[in-house]
Each structure stands twice: as C-alpha cells, then as structure tokens.
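The values are calculated or read from the model by the stated rules, or taken from the named source; none is laboratory data. Quantities reported herein were computed from a predicted structural model and do not represent experimental measurements. Glycine gets a Cβ as well: all are built from the backbone with ideal geometry, and neighbour counts include every protein chain shown.
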C-alpha cells in the first residue's frame, strides 16, 4: 500500500490523517497535518529536495513532540492550563508514532556500555561517549537525558 520511495512512517502519517479527517477528530487532524508539514519542511531544507527515511521522519517527530512538551511546561508556568492541555494532547498523539522511551535503568546501562566501548576515563571524553551513547539509544531517549547520565557517569570516575 505504500508509495514507492516514500518512508513507511510518512505513509502511515498520511493514512492516519485521512482517517482522522473522516472521523472529524480535529485535534488529531491538526496534529498530523502539523507533523507532515514539519516532515515536508525537512525534506525541502538544504540544497536539494529529498525523501526522508523512517529514521529521519522519527527525528522530526521527536523534535515536534519535544516542542509540545516544552510549550506545555511554559503554559503551565504562565498559568494557562487550557493551552497546556492542548499542547499535551498533541504531544500524546505524536508520541504514539515514536519508539518507547528507555527507562533510567536501561539508559544507564547503555551509557555504561558506551563508556566501556570508548574506554573513556573522564569528562574530556564526554563528546566521544555521547556519540557512542546516542547511536546505542537510537532516538529512544532525549539528548538532554542522555547527556545528564553521561556527565554523571564520567564525573564519578
């Protein structure tokens, strides 16, 4: 059913958009339209237009979900719960397309693996460990969480 040359995830987003439009689910429709627009913007950014792979589409969706979480937090601080609820609803829809997030224990185990693979002995090798850990995590945890655990692990050495 997928169109040739189009990432499977992008096709799923399009199909789900069509379904949500038929169901008149306004929040889901608006969120999926926004997500597909972000994917299209990423495809046409740079020197030449290109089709994104599923991994690249996941990165775009992760970035959009993070924006929604941060916006919801800002609205809560500004005492605007109705706007925070809207952002939170959009984030939940986007996260349904993302892989399950790693627990702190799983993330710490992957960081420990990255440290042992790189042979890092302290903070000067943080960049090296981050590169290895990011590859192991593969989008299942936000960069900030990974960096915090890498920093704590390297500081303890």
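Does residue 114 fit the bill of being at pLDDT below 90, assigned by TED's automatic domain parsing to the domain that holds residue 147 and surrounded by 12 or more Cβ atoms within 10 Å (Cβ to Cβ)?
no
Please specify each residue of the stretch 119-129 satisfying the condition of being in a helix (DSSP H, G or I) and within 16 Å of residue 156 (Cβ to Cβ).
Result: 123, 124, 125, 126, 129.
Of all residues being over 27 Å from residue 134 (Cα atoms) and in contact (Cβ under 8 Å) with a residue 60 or more places away in the chain in the stretch 1-29, which is farthest from the chain's Cα centre (by Cα)? Just the residue, please.
If we take residues in the stretch 1-29 being over 27 Å from residue 134 (Cα atoms) and in contact (Cβ under 8 Å) with a residue 60 or more places away in the chain, then 27 is farthest from the chain's Cα centre (by Cα).
May I ask you to say which residue of 147, 112, 132, 100 is part of a helix (DSSP H, G or I) and closer than 19 Å to residue 66 by Cβ?
147
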